[in-house]
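Participant: If you scroll down you'll find the structure; I have some questions about it.
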Amino acid sequence: MFEIATLVNDLSSENSTRLMTYLPAVGLLFTAAIFSVGLLVTKNAGSVGSQSVAVFPPWWSQQESFAKIAGTGASIAAPGPFDWMVVVVPASTRESRSLKASGALVLLNSEFARLCGIDLPKPISTSYGSAT
């Protein structure tokens with residue numbers, strides 16, 4: 001049976017000194033892994049003609065997220081796995097820049113969109129804007 005006293009004794013022994021020597025290296029490795037994943041999922045995010053996932057604050061409703069996307073003019077490809085995530089396809093560099101300034105916390109690339117289970121060949125809605 002596992003006891004807290006045993007854990008405390010182990011931590012106060014010389015084994016804890018050995019553990020403490022490896023702790024900075026493990027922390028650095030963990031930080032590097034998180035940073036690398038962040039670079040991979042944001043590379044080329046918002047590029048023209050490719051799907052991107054716009055991640056809005058988690059307390060936003062789907063209507064708020066869609067309204068922000070509608071203001072950019074980018075096409076909505078699909079709703080994301082959560083109300084605050086929307087898969088979009090910018091058709092121009094202006095729409096791409098607008099997406100980045102729309103209030104989204106981060107834009108994730110099309111590879112992440114596929115990980116979310118979304119792989120649509122074309123947008124399912126058209127750009128919002130002037131009716132001509």
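The values are calculated or read from the model by the stated rules, or taken from the named source; none is laboratory data. Small disclaimer: the values here were computed from a predicted structure and weren't measured. Cβ coordinates were reconstructed from backbone atoms using ideal geometry, including for glycine residues, and neighbour counts include every protein chain displayed.
Participant: Working only within region 91-112, note down all residues that are under 18 Å from P58 (Cβ atoms) and assigned to a loop (DSSP other than H, G, I, E, B).
Facilitator: S102, G103, A104, L105 - these are the residues of region 91-112 that are under 18 Å from P58 (Cβ atoms) and assigned to a loop (DSSP other than H, G, I, E, B).
Participant: I've got another one for you. Identify the residue in region 42-59 that is buried (at least 18 other Cβ atoms within 10 Å of the Cβ) and not small (G, A, S) and, among all such residues, is modelled with the highest pLDDT.
Facilitator: F56
Participant: Taking region 72-94 as the region of interest, how many residues are free of Cβ contacts under 8 Å to residues at least 40 places away in the same chain and more than 19 Å from L40 (Cβ to Cβ)?
Facilitator: 8
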